[in-house]
Every structure is written in structure tokens, then in C-alpha cells.
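Reading through the C-alpha cells given below for one structure.
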Amino acid sequence: MTATDGFVLTAADLAGNGVHGDDPDLYGKFGIFGGRYVPEALIPALDEVAAEYAKAKVDVAFLREFDHLLRTYAGRPTTLTEVPRFAEQAGGARIVLKREDLTHTGAHKINNVLGQALLTKRLGKTRVIAETGAGQHGVATATAAALLGLECVIYMGAVDCERQALNVARMKLLGATVVPVHNGSQTLKDAINEAFRDWVTNVDRTHYLFGTVAGPHPFPEIVRDFARIIGVEARRQMLELTGRLPDAVAAAVGGGSNAIGIFHAFIGDEAVQLHGYEAAGHGISSGRHAATLTEGSVGVLHGSRTYVLQDEEGQTIDSHSISAGLDYPGVGPEHAWLKDTGRGTYHAITDAEAMDAFALLARTEGIIPAIESSHALAGALKLGRELGPEATILVNLSGRGDKDMGTAMKYFNL
Amino acid sequence: MTTLASVFDKARAEKRAALVGYLPAGFPSKDGGVAAATAMVEAGCDVIEIGLPYSDPLMDGPTIQDAVHRSLLNGTRIADVMRTVEGVAATGAATLVMTYWNPIDRYGVERFARELAAAGGAGTITPDLTPEESGPWREASAAAGIDTVFLVAPSSTEERIRAVAECCTGFVYAASLMGVTGARETVSSAAESLVKRTRAHTDLPVCVGLGVGTGAQAAEVAGYADGVIVGSAFIRRILDAPDEAAGLLAVRELGAEMARGVRA
């Protein structure tokens, strides 16, 4: 590969920047967060994944193959777009979008999925399973499975299947089996439970292609590393575009993979603020929200110690968000750790604020964002007004809004 | 309080395996749960595991998920779990709580251990608490004088079996198969070899659970294990019964069948 090939992934790009203790310890812990709280039956599988990943991430052949897929299949590097008309509502601060919505399949999820699908091949496994909320991770997984010839089963809450019917059809067209989950709240958390049940039963031939930076070790590390490319590119591109680093980076947080993906390359840049925006749903005081870091408490969910929406006896409280992709009562342990160390700041954005930003970006810039990403956009508008007209804010536009048109039609009476 | 040690001593003296029955607290109702567990003891269960209903039971199959869901809808709280333990322990059976880790973590490890001991509980089974994370819970349990049971699985390496067994007191729970809870047509052949492998690392009794649903299966497992654990099959009887009284009768019949099995 030559320099003119453009972006070439290196082991360093994948491995973290070696600051702020950014790799988990021997037990998969970021500070007190993370670890493994899973049935013993799954420990060997997690060990196997961790061992194979440790080899893969320093294997030049693996990195080249991943890089090749990112460039020739996913459409990387994704561009930056400055949005001055949108930014007029942000007190004149400069707002620059990282366009993950322009990737193949329409969301940042493709990055992690291609990496893990290649890892699945290395593991000698022939079947992948995945959970999905909005359906973006499911579509991305079904896409990678089709590309690499893997059998694919997607677990999706029955409620989510209904509100994201278009993505269900896409997954089926891509050859995946979509299993609606009718247990519990019938959303993302229940889809994860069901995927774990499948994994423990079929673990000998199956890789659980986990979709976010939550779950037991090593998933938070692996998913982060594969999503890390977003920030690695954006940091370089911001220097080219503006001659300096942004004052702040903004991203939506559900499980937290797109946010970690863009934050991580900036963790060592102490002057760069990192802002995560969770879903406040109908408003924090309504109790109908998914603001885990803002309102939750420390507990264990889906195999990991992190912030959880739970009652005083440890029962998970159902979350709510207009955006299926943020509708999750847990969050990745590295975010919990960034919050507690003060390196990251987390806020909550209501459904109404997100939908306003959704419409505003469409009207002012001709870009229809995912409702998930719209939480980060709404956050950037507030942040811009706080930081003032001299500030530059980098926003991760994590996905496009095509999948959300049903919700938008209902919400705006279109 | 009847201890696990005394249960296994007695079973050994009678040259049979111990019978362990599982039922979630608050199922089919708060009082009905105590009545059903009591029926299980009267039919021959030596140990009762009272499940602590949890919102995200990711290692349970449909039968236990259904029972736990109903129990949560009945409003079951930790105080009800403790009251259930108290009622069941009064029958003279060694009474354990089986729970996912987060409820104990959130409630407070010392508080939970203390209250369980006070209710007459003999210990806990915590399927998603790994040896690496179990230190504080083992300390609190030891201080309260209750046992800690953990699981080994067919996929466990020798190293993991040793690490898990070292954390156990009372007995080691051998999961017979790779999968979730629920009765199966046959007991997995992996179970016997897992029991053998586990015995190489511990002198504690080894009990087999997951997939045991008939007296014949109980007899087969009793041929190589120190205890036979039955959960979903009892729950199935209650779910399929037209009312609680009929459920009790069905539980009693299955308990008797299992009790004959472990004595065969």
C-alpha cells in the first residue's frame, strides 16, 4: 500500500493511544467498571474471543484486510461537513459533522461489524448472532454476514420490530433470520438477554457479534477498537480543515459505541471536551427516559459493572426513548469510567429537543440524520450557546435518518 | 438451620443422592410459593433453592422466565424472598437462595448475607458471579455463616473448575449442558464427565442441574452425582395446573417420583 491509497489502518490506530489508562486491566476493568458477570459456561468463549483478538490486533494481515473492507466496502474515510446554517442556532459556534451516515448501510455500526465478522472467521466459527435496537446493528451484521458467507440470526425486541419495520425487511433481504423477542419490555435489553441464551447454547460454532461497547470483557474493548477509526480520522481531518483540534466533541450515547468511537482518539487531548448525550425521553422527571449515566446508579447489567437504570433492589427499570437505538437501561463501562474520572461529561436530551434538531438539520443543511444522532445535534446547539462563537464543535453524525421516516411522519404529521 | 453439610451426610449414610428442588419466590403467589416448596420437601426434597425473581434472567429458559415474570407481576420483593426462605427453612430443608448477582450487589452484600442467615437460609447459588468477582460475597457469607455455591459447566477448563470449586462451600453445581434452564428429553452425556472432572479438584459434593425432568433421569444422574437438581419440571407442573390446589398435588407427585429416582 502506498501513501496515495489514502487512509491506511495501523495497529496503533486500533490499539488506543496509550493515555489515561485506556485499555482495561487483566479482569477487563476500566477502574471499577466492566469485568465479567456471566454464567461460567460462557467464560471459555469470552477467553477465546479475547485471545484471538489480542493476536488479530497486532497482525498486519488482519489489519490490512480490515482496512481494505473499510475503504472499499464501507466507504471510508467518511468526510467532514461544516454546517453553518444549522450552527446559526448555536450562537454562531462552528459545528462540523463527522459523516458516519455516509457509510455503507447508513450508520457507524458497519465499522465494528466488519472487524468482528473478520474475527469470527479467524475463530473458525460459521454463525453470527446479534442483538439490535433500531435495527442498524442488525442490518450491519446481516450485511457483513452476507459478504463473508456467515449464517446470521438477529434478535430484536418485538416493539422495536414494529417501530423499525423497514430495517427488519432489510435484514431479511440480506439473508438473516430475524427473531422477535416478546419477553420483558420487548426492546434492546431483552434482545440482548435472548442473544446470550442462544450463545450459551450454540457457542461451539457461533460468535456473538456484540453491537455496542457494553457487555462482558472483552466486548467493550473490541467494539471500541473497531469503532475507534471514527475519531482517528476525524482528529486528522479537523487538523486539516481548521488547523487545530476542536474545543468539544459531541456524540449520542445509548450503549455508547459511536461516542467511544469518536471520543477515544481525543482522550489524550485534555483541552478537548468530550460530551455525551443520552435520551431524556419524555423528560427526566417523567421517569420515562434512557438517561443511564445522568440518572442511573452503579450496578451490573448484561455481564458488566456500569451505570444502570435500576430500582433499590437491583431490578432493571424499563427505559424509554423515541429513538430505539438509545432505548437501553445500561451503558458501556468505559463511559461510566469517563464520567467518574471527569474526562467525559454526560447530558440528557428529550425526545422533543432531538426531533427539533432532526428537523432543523434537514431544513438548513439538507441532511436527514438518525434520531439517535439528533440527540448529539441538539446537544451541540446547547453547547455552542454555552461555549460562544469562537468555539468549534465536532459532532458525530452516527447515522442517517431513512430508517426513522415512519417515526418522523407520525411525529410531524407529514 | 439445616446445613448443606448435614444434608449430604444424611444422604451419604442412606447411600443415595440428595434431591434439590428449585422454585422462584412469589410463584404461583407469595403464600402459594411457600406451600409449593413445602410440598416439595414433604415429597422428598432435601434442599430447596428459592429463586430471587430478576428482570433480566439471561441464563433461564422459557419455563423459569415465565414463572419469574409472573412473580414480578405479583410484586415480589427481597423481603418476600426472605419470608419465603423463612417459611421453607421451617420445614427442616436446607434452604438456599438462587439469584443473579445484581440484586445482592444493589441491596448490599453484608445486609443480604445477614438477612438471609437470620431468615434461616443455608446459603446462595449465584450463577453469574465469577470467582474473580466473588471475593466480597464470599467474605460476607462466611461472616454470616452461610454457604456459597457456584457453577461449573461442560465448557470449563480444568483451571476454571479448580478456581470455581475453591470458591464453593456446601456443594459445587455442575451445569449438565451448554444452554439455558429447562427440562430436556435426555440428560446430557457431558454431565457425568463434568462430575468426574470436578471431583478431581474438590472433596465437596457435586450436584447436577439443568435438564432433569423425570424420575428416570434423576435415577441416572444419582448414579454418578451427589445431588440431583430439578427446577423447570416442578414449575411446569404448577403452570399447567388449573389452580393452586391442583398445582400442589402435581408438585407432590413429581417430588415423589424424583425422590424414588434418587433412591433407585
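What follows draws every value from the coordinates through simple rules; no lab data is involved. Note that the structure is predicted; figures quoted are calculated from it, not measured. Reconstructed Cβ throughout: ideal geometry from the backbone, glycine too, with neighbour counts over all protein chains shown.
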Exercise for the section: In a Gaussian network model over chain A where Cα atoms closer than 10 Å are linked, find which of A:E295, A:E372, A:E48 has the largest mean-square fluctuation. Expected result: A:E48
Fill in the blank from the handout: Across A:A74, A:A51, A:A250, the residue with the highest GNM fluctuation in chain A (Cα network, 10 Å cutoff) is A:A51
Completion exercise
Taking only the alpha-carbon atoms of the stretch B:4-263, the convex hull volume per residue, in cubic angstrom, is 106 Å³
Handout entry: Cleavage-rule hits, trypsin sites (Lys or Arg not before Pro), the stretch A:195-298, DSSP coil, Cβ neighbours within 10 Å at most 11
Key = A:R205, A:R244
Exercise for the section: Any chance you could check the Cα centroid distance between the stretch A:112-169 and the stretch A:171-217 for me, in angstrom? Expected result: 9 Å
Problem - Rg(Cα) / (2.2 N^0.38 Å) computed for the protein assembly as shown, rounded to two decimals - result: 0.99
Problem - Gaussian network model of chain A, Cα within-10 Å springs - most flexible of A:G330, A:G303, A:G366 - result: A:G366
Completion exercise
The Cα extents of the stretch A:225-363 along the principal axes, largest first and rounded to whole Å, are 50, 37, 24
Completion exercise
Sorted largest first, the C-alpha extents of the stretch A:211-302 along its principal axes in whole angstrom are 43, 31, 20
Practice task
Please report, in debye to the nearest 20, how large the charge dipole of the protein assembly as shown is about its Cα centre when each Lys and Arg carries +1 at its beta carbon and each Asp and Glu carries -1 there.
Solution key: 920 debye
Fill in the blank from the handout: Farthest towards the positive end of the dipole of the stretch B:4-263, among B:L204, B:V228, B:A256 and with Cβ unit charges of +1 on Lys and Arg and -1 on Asp and Glu, lies the Cα of B:A256
Handout entry: Within 10 Å of each Cβ in A:295-308, the average number of Cβ atoms from other chains
Key = 3
Practice task
Return the loop-located trypsin sites (Lys or Arg not before Pro) in the stretch B:12-79 (DSSP other than H, G, I, E, B) with at most 15 other Cβ atoms within 10 Å of their own Cβ; answer none if there are none.
Solution key: B:K15
Handout entry: Lys/Arg +1, Asp/Glu -1 at C-beta; chain B dipole; positive extreme among B:W137, B:A219, B:V195
Key = B:A219
Fill in the blank from the handout: Restricted to the protein assembly as shown, the DSSP antiparallel beta bridge percent, nearest 5, is 20 percent
Problem - Packing rank of B:223-230, B:238-245, A:319-326, where each peptide gets the mean count of other beta carbons within 10 Å, highest leading - result: A:319-326, B:223-230, B:238-245
Practice task
Averaging over all projection directions, find the projected area of the Cα convex hull of the stretch B:28-181 and quote it in nm² with one decimal place.
Solution key: 8.6 nm²
Handout entry: Per-residue ³J(HN,Hα) for the stretch A:276-286, Karplus 6.51 cos²θ - 1.76 cosθ + 1.60, θ = phi - 60°, Hz, x for Gly and Pro
Key = x, 10, 8, 8, 8, x, 7, x, 4, 5, 6
Handout entry: Per-residue mean of C-beta atoms belonging to partner chains within 10 Å, peptide B:178-185
Key = 3
Problem - Coil-residue chymotrypsin sites (Phe, Trp or Tyr not before Pro) of the stretch A:323-414, DSSP, other Cβ within 10 Å capped at 16 - result: none
Fill in the blank from the handout: Within 10 Å of the Cβ of an average residue in B:125-136, the count of other chain Cβ atoms is 4
Handout entry: Simple Cβ-charge dipole of the stretch B:4-263, Lys/Arg +1 and Asp/Glu -1, about Cα centre, in debye nearest 20
Key = 360 debye
Handout entry: By average C-beta atoms within 10 angstrom, highest first, the peptides B:208-215, B:190-197, B:257-264
Key = B:208-215, B:257-264, B:190-197
